[in-house]
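**Q** One structure coming up, written as structure tokens, with questions to follow.
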Amino acid sequence: MLARMPPEQDPDAPARVVPAVPVGREATDAELVTRALRGDRWAEEMLYRRHVDFVAGLCTRLLCHAADAEDAVQDAFVDALEQLDSLERPELFRRWLARIAVHKAHRRLRRRKLHRWLGLHGSALQEVLLGYASDCASPEQLAELKHLDRVLGGMPDDERVAWQLRHVEGYRLEDVAELCRCSLSTVKRRINQADVAIREHVNLEQVSHE
Amino acid sequence: MNDVELPIPVSRVLKASEPEARVQRIWRGVAWRRAERGRRNGHRMALLVASALTLVLAVVVLVRQRGEPVGTAAIPSSIDAGRDGREFDLGQGARMRVEAGARLDVLDQSTRSVSLALRRGLVRFDIQPGGSRQWRIDCGAVSIEVVGTRFSIERVGGRVRIEVERGRVLVRGEGVADHVQAIDGGGRLVVSGEPDAVPLESLSVDVDSGSQPSPPSSSPRSIAPWLVAARDRDWKRAWEALGASGAAKEAARSDDVAELLSLADVARLSGHPNEAVAPLERVIREHAVDPRAALAAFALGRLLLDSLGNPPRAAAALEQAIALRLPAALTEDAQARLVEAYARAGDAARAHTSAETYRSRYPDGRRLAQVNHWSPRE
């Protein structure tokens, strides 16, 4: 079947009733998803604006490359907006979007690995954690971020991504396993291996063993 | 290792937000990719039901259509309506009327998209829904995306008014609530906030310059009626109070920076841009050490470029503004306008140099599309 014109571009479309958001209250993700599914492009853009900072930061830090990350972020939002009707629980939009974004990042990492194996050299990785340092970070913390960038850059992608999702982005172990599409035990092993290497060179807050 | 630990999660010491330019760029990419996917789906279905011969012809048509310009509905790269308005048939049922006094530049046009910049005045659009092109109109700090609608945009200085008669537009900008608003048929939105809508004499000075502006002259003479009206922001009354040749006389007489800037505001904002030149030039020439001289140079550059059609002098003024250490918030704009000034003056080499300077300083700049329009990357 040919792709249908979005309702608001179709002059013959019957009038739509789009639920109004009560005045003075910000629309929830679930409300925006409902509106977007009915063709409300403003709602789509609001979903984008609400979550782009988080997704762009996540992809940039996982891919260690701003341009690659922008491609991944665009792909993630395109997929999310095109497949909104497959989201069973609209209130979990952010989590679902994160899953798509991490999957896109993984695909790029695999492609990069293949290029390296084929002898095709890509762009140099960037010091993304240092680049994302907040204005409140002390000079000592900046120095540690630089060390962390360097250590993470020399690590296998699987270990690095798992460790970053856990200890940089702050996801729970179960969520890291879901995002990495592997078992909990595999994720724990990858994180612990990375942690040993990182703590030799970077001064990090102590956390309980996993 | 030093004694300071990084917290876990490390995100506690990381920035949570992205630069607005990057956010907008990614969104444009999302919109483009979605449009591409839609086109691919449509073509795929057409091929499935067609014969082998039709399939070959459809592929040939696809290849020829990529990248073609708009064709007979091409818009001139710059439209200055002058005394009479002008109407344009843009193809696919789209029409545009540029009213008298309006000025519109075309940043980009192809079979996929049309990107315009409204510099001043009133333009009315009637765009049929369902067309293949995306329409975007930039008005300084605000941009309007068209879905398929009849609407008008009016720009006076930094103030932009959008009125939608039918359909919907999306308005984006840093001065817009949530950075994006949807305006439906019967709706209206007014956005203001660009520096050129603000009288020069009220702009704050960059305190890093180390000096404070001198207060307006406290001479024992009573305050001139035109100055009283200017302080009330009644520009028309202020101009009338100056009387015939009054602006020129005041520009020659006054030695006070604040008064000269007020005089320029009165001339500019009451519709007499020519008379704003002299007071601005005096500030730049005789008060170069005053931090407001940079603002005066920037205002003069824009005046010469937008209202007085003198790109070479505009370029000189903009160069001065940057050299006099314009506040950081305006330097990006000045650099972008410099590219335009040189390009319109026919100096491609300087336009290119200025564009390279802009691109290296502001790789994600919000004026990048305009800069690339006036001096494309090699």
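The values are calculated or read from the model by the stated rules, or taken from the named source; none is laboratory data. None of the values given here were measured: they were computed from a predicted structure. Heads up, the Cβs are rebuilt from the backbone with ideal geometry, glycines too, and the neighbour counts pull from every protein chain shown.
**Q** Please give the number of the condition A:GLN126 fails out of (1) among the polar types (S, T, N, Q); (2) under 30 Å from A:VAL33 (Cα atoms); (3) more than 9 Å from every other protein chain (Cβ to nearest Cβ).
**A** (2)
**Q** Restrict the check to the range B:315-326 and report whether at least one residue is under 17 Å from the mean Cα position of the chain (by Cα) and assigned by TED's automatic domain parsing to the domain that holds B:LEU242.
**A** Within the range B:315-326, one or more residues are under 17 Å from the mean Cα position of the chain (by Cα) and assigned by TED's automatic domain parsing to the domain that holds B:LEU242.
**Q** Continuing with the same structure: I want to confirm something. Restricting to the range B:156-171 and keeping residues that are at pLDDT 80 or above and within 18 Å of the chain's Cα centre (by Cα), which single residue is surrounded by the most Cβ atoms within 10 Å (Cβ to Cβ)?
**A** B:VAL160
**Q** Filter the range A:103-125 for residues that are surrounded by 15 or more Cβ atoms within 10 Å (Cβ to Cβ) and at pLDDT 75 or above and give the result.
**A** Here is the first cut: in the range A:103-125, the ones surrounded by 15 or more Cβ atoms within 10 Å (Cβ to Cβ) are A:103-106, A:108-109, A:112, A:125.
Within the range A:103-125, A:HIS103, A:LYS104, A:ALA105, A:HIS106, A:ARG108, A:LEU109, A:ARG112 qualify.
**Q** Determine, yes or no, whether A:ALA143 is within 18 Å of B:ALA16 (Cβ to Cβ), surrounded by 14 or more Cβ atoms within 10 Å (Cβ to Cβ) and either within 12 Å of chain B (Cβ to nearest Cβ) or at pLDDT below 90 (or both). Before the answer, list the steps.
**A** Details: within 18 Å of B:ALA16 (Cβ to Cβ): no; surrounded by 14 or more Cβ atoms within 10 Å (Cβ to Cβ): yes; either within 12 Å of chain B (Cβ to nearest Cβ) or at pLDDT below 90 (or both): yes.
No.
**Q** Let me spell it out: the conditions are (1) over 18 Å from A:ALA101 (Cβ atoms); (2) assigned to a helix (DSSP H, G or I), and A:GLN206 meets all of them except one. Which number is the exception?
**A** (2)
**Q** Another question about this same structure. Consider B:ASP290 carefully, then state whether it is outside any loop (DSSP other than H, G, I, E, B) and modelled with pLDDT under 85.
**A** Working: outside any loop (DSSP other than H, G, I, E, B): no; modelled with pLDDT under 85: yes.
Here the answer is no, as B:ASP290 does not meet what is asked.
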